Every structure is written in structure tokens, then in C-alpha cells.
């Protein structure tokens, strides 16, 4: 997407930030297309945009958190981080006693409870190149998450942690 980009999220409208901004999203397979933009190991300047539960159907849902970073001038990155939230609060006793539902059993498939509870899946889902220097983190969060909302079913419907857009 090139040129001016208006986004409406939760009733808020962001004005065009710049005619030269380039927004690229990657929300389907192959989902590693934008991974080359991931900052090097040890980079820890990510801010939470929104976190919570999404659902495309009773059989296709989960938990995702979106984090934003500005690793270099003019470049903004949105990272999608998924985890097995259905295992929150599950104990080893629950596993031994067979108190798990089908979603919990599937989330643990081939893993111990601890491994499954610590599992995360990260993918860069959107980038903005040539962003103006005066763009704020909130404006860029609106722009990038807005672009993801147009492309993905993984849109937070029920927020669980306070972020820039929750």
C-alpha cells in the first residue's frame, strides 16, 4: 500500500502521516516473509499495542498480542505473538486426572504442560517503511494494527492487558 493511509480503530481516525509511507503486511502463509525486518537478538524496545483473544469461529480462535518497535529511523515493525492461553491455570494435577478439554489436549500435543505453557509463536505481521520522523508510537500503532485488521482474522475482540489500543 502506498500513499496516504487513513485508519479507523475503535472510533479513532488517524490522519495521513506521509505520502511516501509504505505499509506491508504478512498475515497468511508463508508467514515469514517479513522476518528479515526482525531486529537482532537482544533488541528489547517493544511496546504492547493490544493483547487478547480473537475468534474466527468456535473452532478457530486463540490468544495474540501485538507489539510495535521503531528499530531505526523511518521503520516501524508490528510483531504478532501467539501463545496457548487455554492452558492458563492448568496444573499437573489437572493433566494427571484427565481434566483437560479438547483444546487443552491439542495445545499440549507432544509437549509437557510446562513446555506448552511457555510456547510462543512470533511473526512480523506488518511493517511501515519511510515513516515520517514526527510520527508518534500511537499513530504508528493505529496504522499498522489497522492494516492487520484489514488482512487477518486474528483481530483482538476481547482485550486482556492494557496496551496502546486497548
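Some observations on this one:
- Per-region count, segment 10-28, residues at pLDDT below 90 and either crowded, with 17+ Cβ neighbours inside 10 Å or within 16 Å of residue 81 (Cα to Cα) (or both): 6
- Checking the stated criteria, residue 49 turns out to be modelled with pLDDT of 95 or more and in contact with a helix residue (DSSP H, G or I) (Cβ under 6 Å, 6 or more places away or on another chain).
- Pairs where the first residue, in segment 146-166, is closer than 21 Å to residue 29 by Cβ and the second is at pLDDT below 90 and in a loop (DSSP other than H, G, I, E, B), C-beta under 6 Å, 6+ apart: 151/27; 152/27
- Neighbours by Cβ (under 7 Å, 6+ apart or cross-chain): first from segment 21-44, in contact (Cβ under 8 Å) with a residue 40 or more places away in the chain and at positive phi; second surrounded by fewer than 16 Cβ atoms within 10 Å (Cβ to Cβ) and in a loop (DSSP other than H, G, I, E, B): none
- For segment 101-123, the criterion of being within 21 Å of residue 149 (Cβ to Cβ) and buried (at least 16 other Cβ atoms within 10 Å of the Cβ) is met by at least one residue.
- Qualifying residue in segment 83-92 (condition: part of a loop (DSSP other than H, G, I, E, B) and closer than 21 Å to residue 125 by Cβ): yes
- Scanning segment 124-154 for residues that are crowded, with 18+ Cβ neighbours inside 10 Å and either in contact with a helix residue (DSSP H, G or I) (Cβ under 7 Å, 6 or more places away or on another chain) or part of a strand (DSSP E or B) (or both) turns up 124, 125, 126, 127, 128, 131.
- Of all residues in segment 80-89, those that are over 17 Å from residue 61 (Cβ atoms) and surrounded by 15 or more Cβ atoms within 10 Å (Cβ to Cβ) total 0.
The values are calculated or read from the model by the stated rules, or taken from the named source; none is laboratory data. From a predicted model like this one, the values you see are computed outputs, not experimental measurements. Virtual Cβ from ideal backbone geometry, glycine too; neighbours counted across all protein chains shown.
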